[in-house]
Structures are given as C-alpha cells and as structure tokens.
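Q: The structure follows.
The values are calculated or read from the model by the stated rules, or taken from the named source; none is laboratory data. Keep in mind it's a predicted model, so treat the numbers as computed, not measured. We place every Cβ from the backbone using ideal geometry, glycine too, and count neighbours over all the protein chains shown.
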Amino acid sequence: MKKTLVLLLIICSLAAVKAQNSIEGIWYNTTKSGKVEIYKKGEAYFGKIIWLKEPIDEKTGKAKVDSNNPNEEKRNTPIIGLLILKDFSKDGNNSYSGGTVYDPENGKTYKCKMTLVDANNLDVRGYIGFPALGRTENWTRTTK
C-alpha cells in the first residue's frame, strides 16, 4: 500500500512540474482586468477570455461584446469566450510563436510571440511586421 501511495505522489508531482513548464493554464492580463485560458488543441496553442473584472457594459447594461471587430457580423459576439490567441507553436523550451493575438479594445489582430519567463510569468508580445515593432505585456498565472 505504501509503495502505491508513494508512486501516486511521484506521478502527481511530475504532472505539477510539467504544468508549470507550459503556457497551458489560466493567466491574468497585465492589468488583472481579465483572465485568459490557454490550451493546446492538436499541436497548436490557443487562448480565450474566460473572465472579466467588469463584464457588463455600462451604456447598455448587458454583457460586453466585441463592438470594435472590423467584421460587422461579429460585433455582437460576447467578450467572455472570445478566442484571442490563435495557432501558436512551441519553438523552444519556453518560446511560442507563429500565432496571432486579437485585441478586442481596438479590433486589431497582431502577430505574436510568447515567452514563458518562469512558472508564473508569461511575456506576450504583439507586433506588426517585426517583433521590434511591438509591445510586450506580462501575464501572471492564476486559477479559475
């Protein structure tokens, strides 16, 4: 019985270490006004907004929607559940690239790369053309 318990504890510990070395999980944005869940689908990584500090639009009294989307048909899409990170590939121990980040505040999509700084900090750099022409935000790991 003791051997089984020890083996189970080792497996759980290894799973926890693996999870901390991955971008998969839930992240606060820089201002802690939203949470993004990053997950792997197939070989690519994606992220969607799962929580907002202020989910209700003061003007309408309803849930916030993607009102700045350049596609008029998508302007009534709720912000919560909105896919904002798409198609990232792991290209190093802590680097992810080849994807895009969508900013619902201005309706623009940018090329993006992400770097896992440590288990609880993720640098998200959105840019136009070259990474030097962009902005980096630091996201922090959190829970639901």
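Q: Hey, among Leu85, Leu52, Leu7, Leu14, which residue is over 17 Å from Cys112 (Cα atoms) and either under 14 Å from the mean Cα position of the chain (by Cα) or modelled with pLDDT of 95 or more (or both)? Even if it seems obvious, please write down each step before you answer.
A: Values: Leu85 fails: over 17 Å from Cys112 (Cα atoms); Leu7 fails: either under 14 Å from the mean Cα position of the chain (by Cα) or modelled with pLDDT of 95 or more (or both); Leu14 fails: either under 14 Å from the mean Cα position of the chain (by Cα) or modelled with pLDDT of 95 or more (or both).
Going through Leu85, Leu52, Leu7, Leu14 in turn, just one is over 17 Å from Cys112 (Cα atoms) and either under 14 Å from the mean Cα position of the chain (by Cα) or modelled with pLDDT of 95 or more (or both): Leu52.
Q: Here's something else I'd like to know. In the list Lys59, Lys32, which residue meets the criterion of being at pLDDT 95 or above, not in a helix (DSSP H, G or I) and not aromatic (Phe, Trp, Tyr)?
A: Criteria check complete, one pass: Lys32.
Q: Identify, please: which residue in segment 45-56 is part of a loop (DSSP other than H, G, I, E, B) and touching a Ser or Thr at 6+ places or on another chain (Cβ under 9 Å) and is, among those, surrounded by the most Cβ atoms within 10 Å (Cβ to Cβ)?
A: Residues of segment 45-56 that are part of a loop (DSSP other than H, G, I, E, B), as a first pass: 53-55.
Adding the requirement that they be touching a Ser or Thr at 6+ places or on another chain (Cβ under 9 Å) leaves 53-54.
Values: Lys53: 11, Glu54: 9.
Going through the qualifying residues, I end up with Lys53.
Q: In this structure, is Thr140 closer than 26 Å to Ser67 by Cα and among the hydroxyl-bearing types (Ser, Thr, Tyr)? It would help to see each step written out before you state the result.
A: Working: closer than 26 Å to Ser67 by Cα: no; among the hydroxyl-bearing types (Ser, Thr, Tyr): yes.
Spelling it out, it is not the case that Thr140 is closer than 26 Å to Ser67 by Cα and among the hydroxyl-bearing types (Ser, Thr, Tyr).
Conditions tested, residue by residue: (1) of a type in the set (D, E, K, R); (2) within 16 Å of the chain's Cα centre (by Cα).
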| position | (1), (2) |
| --- | --- |
| Lys48 | yes, yes |
| Gly61 | no, no |
| Gly98 | no, yes |
| Gly134 | no, no |
